[in-house]
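K.L.:
Just passing along the structure, written as structure tokens.
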Amino acid sequence: MSPTVAITHLGCKLNQAEVESLTRQFAFAGYMIVDAEEPADVFILNSCTVTSLADRKSRQLHRARADEERSQPCEPKHTGQNSRRQG
């Protein structure tokens with residue numbers, strides 16, 4: 001069975017374009033793309049947070065996904081302008 005990846009974004013239209021590009025790259029590499037709410041082997045959050053509210057939403061989503069995946073191993077990744085603070 002192919003590995004799965006869930007990709008989502010918060011923020012600007014550039015993030016949306018980046019997610020579309022990431023989705024194509026993962027599909028080409030043989031990953032099965034699943035909805036962000038579904039369990040996945042890899043979870044990618046691409047965010048552009050220029051306000052404190054957007055920054056907080058990004059952290060909350062990242063933490064929530066990490067908590068959900070404790071029962072099922074997942075490799076969470078955070079990309080975008082806030083990724084240095086998120087890991």
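K.L.:
Tell me which residues, restricted to the range 3-52, are surrounded by 12 or more Cβ atoms within 10 Å (Cβ to Cβ), modelled with pLDDT of 80 or more and in a loop (DSSP other than H, G, I, E, B).
P.N.:
P3, Y31, A36, P39, A40, D41
K.L.:
Look at the range 1-18 and say how many of its residues are closer than 20 Å to R63 by Cβ and out of contact with any helix residue (DSSP H, G or I) (no Cβ under 6 Å at 6 or more places or on another chain).
P.N.:
So the answer is 4.
The values are calculated or read from the model by the stated rules, or taken from the named source; none is laboratory data. A quick note: this is a predicted structure, and the numbers were derived from the prediction, not measured. Counting neighbours? That spans all protein chains shown, and the Cβs are built from the backbone with ideal geometry, glycine included.
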